[in-house]
2 protein chains.
Amino acid sequence: MNTVSIEDHNALVQAAYQARGYLADEARDAAEMCAAATWHGNNTHNAIKALHLDDLFGSKAGGCTPGAEIEVIENRFSAAEVWNAHKKLGQSVAIQAFNRAIELADQHGVGIVSVDNCFHYLWGGGYVIDAAKRGYIAYTNCTSSLAEVVPFGGKSPTLGTNPHSWGLPTQDAVGFPLCIDWATSTCATPMAAVDADGNPTQDPNKVTALLPFGAHKGYGLSLINELFGAYIGGSLPAHRGRSLPSQDEKSSTSFFFQIIHPEAISAKNFALGRNQAENVKAVIENILGPGNENAILPGQLEAEAATRSEQAGGLLFSDAELAELNKLASQLSLPSLNTTSLLS
Amino acid sequence: MNTVSIEDHNALVQAAYQARGYLADEARDAAEMCAAATWHGNNTHNAIKALHLDDLFGSKAGGCTPGAEIEVIENRFSAAEVWNAHKKLGQSVAIQAFNRAIELADQHGVGIVSVDNCFHYLWGGGYVIDAAKRGYIAYTNCTSSLAEVVPFGGKSPTLGTNPHSWGLPTQDAVGFPLCIDWATSTCATPMAAVDADGNPTQDPNKVTALLPFGAHKGYGLSLINELFGAYIGGSLPAHRGRSLPSQDEKSSTSFFFQIIHPEAISAKNFALGRNQAENVKAVIENILGPGNENAILPGQLEAEAATRSEQAGGLLFSDAELAELNKLASQLSLPSLNTTSLLS
């Protein structure tokens with residue numbers, strides 16, 4: 001692996017976003033979230049993928065509007081804000097929404113921000129890990145840019161891969177925030193996909209759509225995102241990210257963010273005189289007790305990757321990824337990235 | 001099936017609870033939630049099971065304290081309450097907690113109530129269906145009375161069957177509230193249980209514990225309940241509902257309730273001039289569109305059972321269930337239940 005400093009990486013990615021018309025602060029947000037993904041070992045949501053997504057669905061395709069301003073929709077509620085993102089870059093929207101939800105939770109114990117007219121925020125895990133590190137219980141769900149998943153029992157893809165992400169401030173308990181973060185589509189298994197008749201298939205030539213994970217349970221979790229989207233302002237799921245039969249249907253996604261202040265759910269009566277952080281630590285240790293030494297915690301792999309990044313003193317990229325980034329640098333008439341490693 | 005009127009059913013169940021020392025209002029809450037379960041076709045959480053649970057873990061076993069009073073723990077947050085249930089009957093606690101969360105959501109857009117020192121609330125679906133019928137987005141999770149599930153990759157049961165229940169006010173869209181309600185343990189499948197070495201088994205003689213559904217995804221969802229419990233005030237999960245190595249560890253469960261006011265997440269900008277309810281209807285119809293006619297919605301089976309109950313004019317019990325209820329009536333020196341059916 002090649003080590004690239006965060007500064008060099010962010011300068012390149014920021015330049016790439018600014019070349020596409022994004023404002024300096026949007027480009028900075030985008031670069032920082034790409035860096036956070038790579039830092040935590042997530043190579044499916046790194047800078048290369050983010051820019052590819054912008055090509056396919058974003059500023060180049062009309063799904064995302066550089067420089068758009070967030071509009072706060074008035075309502076009568078004190079702990080719940082609703083925004084119209086006007087298709088602003090998802091990373092900037094998500095960062096600001098979680099910051100606002102934290103302010104609301106500081107005051108009310110819980111704060112929610114719902115956002116209409118969104119464009120992809122990339123990696124939900126990055127935001128909830130950040131909020132958890134700041135001491136909060138964080139949750140986000142969103143509808144996906146494209147409907148690729150069939151309802152349990154159906155054969156036509158009308159659901160997004162609709163992810164859920166939770167972050168829990170367990171760093172004092174286990175050294176890192178627990179991060180539960182996955183799409184509701186099945187990951188690679190024999191029952192991951194269906195053919196045109198809705199029958200499970202492993203034949204890549206016959207796959208037309210994905211199945212929800214965990215049968216009816218994952219289907220229910222996927223529906224939650226669609227329903228939150230429907231209450232917020234999202235339009236027909238099967239139309240999202242596709243050319244529309246009706247120009248009047250919306251094709252944008254919806255975001256939902258929630259922060260709970262851990263003090264706001266504390267009954268202040270922990271066994272053996274423990275404080276809240278000590279209690280969380282004792283519970284996790286009990287779950288991973290004798291017989292369960294091989295079980296890992298969600299967020300642990302990301303934390304281990306972050307440790308490797310820290311030891312290397314920067315972001316770790318494979319040769320192929322580095323070549324992609326340097327191709328980008330060349331396109332922008334920027335010098336190739338320096339690679340150094342504290343480990344080498 | 002035999003049809004028993006709600007009044008007769010509730011009178012019997014209420015008498016049974018009062019005979020165990022519960023107050024009249026607790027007994028009424030218990031009876032009403034049992035009736036709601038049977039009305040919705042849920043025969044795993046009906047009156048017979050509720051009283052059996054009270055025998056095993058509740059008032060007869062010291063896990064539940066009839067007549068206990070809920071204590072509100074002071075905090076500085078306006079949309080988040082925390083209660084100490086002092087082991088009061090779970091049904092009464094859950095009904096009151098959702099009522100309070102609704103008041104908080106009416107004011108703040110979102111309201112949460114977290115409860116320490118709890119005893120089993122039986123069927124989460126019943127409460128969220130009720131709240132959804134009143135127009136709210138409802139959610140609850142809790143830790144289970146007994147740790148029966150192994151962490152993904154482990155072999156020792158240190159997690160509860162930890163259910164999640166969501167209710168969504170979709171009655172205007174599809175005629176009933178969507179209800180997504182399940183335990184995070186696997187239901188009957190070839191990969192449902194493990195032997196003493198943590199290996200999947202179908203041999204009932206070798207089963208020592210259950211697996212989470214959906215591998216690491218269901219495991220993560222199960223952990224959320226444990227962590228909420230840990231932040232609220234729950235103690236070591238592997239000790240819950242078992243005889244304790246240390247008398248100072250708590251063995252009670254924890255509840256978490258949340259209500260979101262649908263208006264509080266509306267961006268008021270739905271496609272084609274729809275209002276929020278019309279938009280929710282359009283989204284669900286799109287999900288169940290061509291090719292997906294055979295897919296059902298979570299909550300649909302419960303709604304169909306409720307229709308059957310309504311048509312029969314009462315609660316539907318099998319012969320075996322009716323015999324159990326009449327055995328109970330006899331023990332309480334009450335007459336046997338009348339059975340009538342509008343359908344017969």
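Cut-off is 10 Å between beta-carbons; in what order do B:231, A:219 appear when sorted fewest neighbours first?
Working: B:231 28, A:219 25.
The most exposed by this proxy come first: A:219, B:231.
You can think of it this way: the chain between residue A:285 and residue A:24 has 89.5 nm of extra reach, that is 0.36 nm per residue less the Cα-Cα gap.
Summarising the amide proton neighbourhood of residue A:193: residues at separation of 5 or more, or on other chains, whose placed amide H is nearer than 5 Å comprise A:201, A:211.
What shape does region B:146-266 have by the C-alpha gyration tensor, where a ≥ b ≥ c are the square roots of the eigenvalues, rounded means a/c under 1.5, and otherwise prolate means a/b greater than b/c and oblate the rest? Judged from the Cα gyration tensor, region B:146-266 comes out oblate (a/c at least 1.5, b/c at or above a/b). Here the residues B:182, A:166, ranked from fewest to most Cβ neighbours within 10 Å of their Cβ, fall in the order B:182, A:166. Using Cβ point charges alone (K and R +1, D and E -1), the dipole size of region B:168-326 about the Cα centre works out to roughly 500 debye.
Over region B:116-236, what is the relative contact order in whole percent, taking alpha-carbon pairs under 8 Å and six or more residues apart? Worked out over region B:116-236, it gives 25 percent. GNM on chain B, alpha-carbon springs under 10 angstrom: the most fluctuating residue among B:81, B:26, B:263 is B:263.
Below 14 angstrom from the Cβ of residue B:112, what's the summed charge of the other residues (Lys, Arg +1; Asp, Glu -1)?
Combined, the nearby Lys, Arg, Asp and Glu give -4.
Temperature 4 °C, viscosity 1.567 mPa s: under these conditions the Stokes-Einstein estimate for the protein assembly as shown, based on its Kirkwood radius over C-alpha pairs, is 49 µm² per second.
Counting only other chain Cβ atoms within 10 Å of each residue's Cβ, the peptide A:150-159 averages 6. Using just the alpha carbons, could you tell me how many Å³ per residue the convex hull of region B:31-128 encloses? Spelled out: Cα convex hull of region B:31-128, divided by residues, is 88 Å³. Based on alpha-carbon centroids, what's the gap between region A:1-78 and region A:175-225 in Å, whole number please? Here the two parts' Cα centres lie 27 Å apart. Computed on the Cα atoms alone, the convex hull of region B:262-336 gives a volume of 179 cubic angstrom per residue. Distances between placed amide hydrogens fall under 5 Å for residue B:83 paired with B:73, B:114, B:115, B:116, all partners being 5 or more residues away or on another chain. If you take all other residues with their beta carbon under 13 Å from the beta carbon of residue A:141, and give Lys and Arg +1 and Asp and Glu -1, the sum is -2. Bridging of residue B:250 to aspartates and glutamates at a Cα separation below 19 Å is possible for A:278, A:285, B:54, B:69, B:71, B:116, B:148, B:226, once same-chain residues fewer than 8 apart are set aside. Shielding by partners for peptide A:79-86, expressed as the average number of C-beta atoms from other protein chains within 10 Å of each residue's C-beta, is 5.
Take every Cα pair under 8 Å whose residues are at least 6 apart in sequence, average their separation, divide by the length of chain A, and the relative contact order is 22 percent. Overall form of region A:191-344: oblate. Here a/c, set by the Cα gyration tensor axes a ≥ b ≥ c, is 1.5 or more, and a/b is not larger than b/c. Net charge dipole, the protein assembly as shown: roughly 180 debye, given to the nearest 20, about the Cα centre with Cβ charges of +1 for Lys and Arg and -1 for Asp and Glu. Panel note: the C-alpha atoms of region B:73-213, placed on their principal axes, show extents of 52, 40, 24 Å (largest first). Annotation for residue B:195 and residue A:172: the two label points, set 7 Å from Cα along the Cα-Cβ direction, are 4.4 nm apart. Ranking of B:240, B:274, A:100 by neighbouring Cβ atoms within 10 Å, starting from the fewest: B:274, A:100, B:240. The GNM of chain A, with springs linking C-alpha atoms under 10 angstrom apart, assigns the highest mean-square fluctuation among A:326, A:294, A:162 to A:294. Placing a label point 7 Å from Cα along the Cα-to-Cβ axis, residue B:153 is separated from the same position in the other copies by 3.5 nm, shortest listed first. In chain B, the alpha-carbon atoms span a convex hull of 167 Å³ per residue.
Placing +1 on the Cβ of every Lys and Arg and -1 on the Cβ of every Asp and Glu, with no other charges, gives region B:1-140 a dipole of roughly 260 debye about its Cα centre. Among B:312, B:295, B:68, which one moves the most in a GNM of chain B with springs linking Cα atoms closer than 10 Å? Answer for the Gaussian network model of chain B: B:295. From Cα pairs below 8 angstrom and at least 6 apart in sequence, can you work out the relative contact order of region A:1-90, rounded to a whole percent? It comes to 21 percent, rounded to a whole number.
Using θ = phi - 60° in the Karplus curve 6.51 cos²θ - 1.76 cosθ + 1.60, the 3J(HN,Hα) couplings for region B:151-164 round to x, 4, x, x, 9, 10, x, 10, 10, x, 6, 4, x, 10 Hz; x is entered for Gly and Pro. Taking amide H as placed 1.01 Å from N in the peptide plane, the amide H of residue B:5 sits under 5 Å from that of B:315, B:340, each at least 5 places away or on another chain.
Selection among B:194, B:261, B:52 by position relative to the dipole of chain B gives B:194 as farthest towards the positive end (Cβ unit charges, Cα centre).
All of the numbers you see were taken from the coordinates with simple rules; none came from a lab. Note that this is a predicted model, so its numbers are computed, not measured. Methodologically, a virtual Cβ is constructed for each residue, glycine included, from the backbone with ideal geometry; neighbour enumeration extends over all protein chains shown.
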